[in-house]
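In what follows, a structure is listed as structure tokens, so that the remarks can point back to it.
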Amino acid sequence: MVNALEELHTLEADGVIGLGFHSLSTHKPNIMENLYHQKIIENCTFSFFLSWKKDDRDEPLSEIILGGYDTNYMAEDNFYYTPVIDPREWSIKLQKLKINNKTFKLYRNNIALIDSGTSLLKLP
């Protein structure tokens, strides 16, 4: 956690972007809502592409895409939206889990919390 603006220069990142719901913050619009209301993006959709690969300058190739997604990064041709079930956090219903082409069916009502602000995913 960064406690002072002076600490930002020590982070190995280009910056910090808050994508949490405004009900969890200062009740002010977040960056996505601001971009949408200014008609800079067509919808409040964002996506991540996370990669270990690096470019010619040894920079990571990961990206965040605001207002949509890039089909070049998709593993499949189909894209599935999953509705958020709690307006206070990025929680979704989880019916199955797929790891290395192996599918695990879950047999109860499970909820997963997807939080881009952490290195962990909270699963049942």
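Structure data summary
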quantity	calculated
Residue tally, condition within 19 Å of the chain's Cα centre (by Cα) and of a type in the set (Lys, Arg), over region 67-116	3
Among (1) on the phi > 0 side of the Ramachandran plot; (2) part of a helix (DSSP H, G or I) - the single one Gly68 does not satisfy	(2)
Conditions (1) assigned by TED's automatic domain parsing to the domain that holds Ala112; (2) modelled with pLDDT under 85; number of the one not met by Asn100	(2)
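The values are calculated or read from the model by the stated rules, or taken from the named source; none is laboratory data. Small disclaimer: the values here were computed from a predicted structure and weren't measured.
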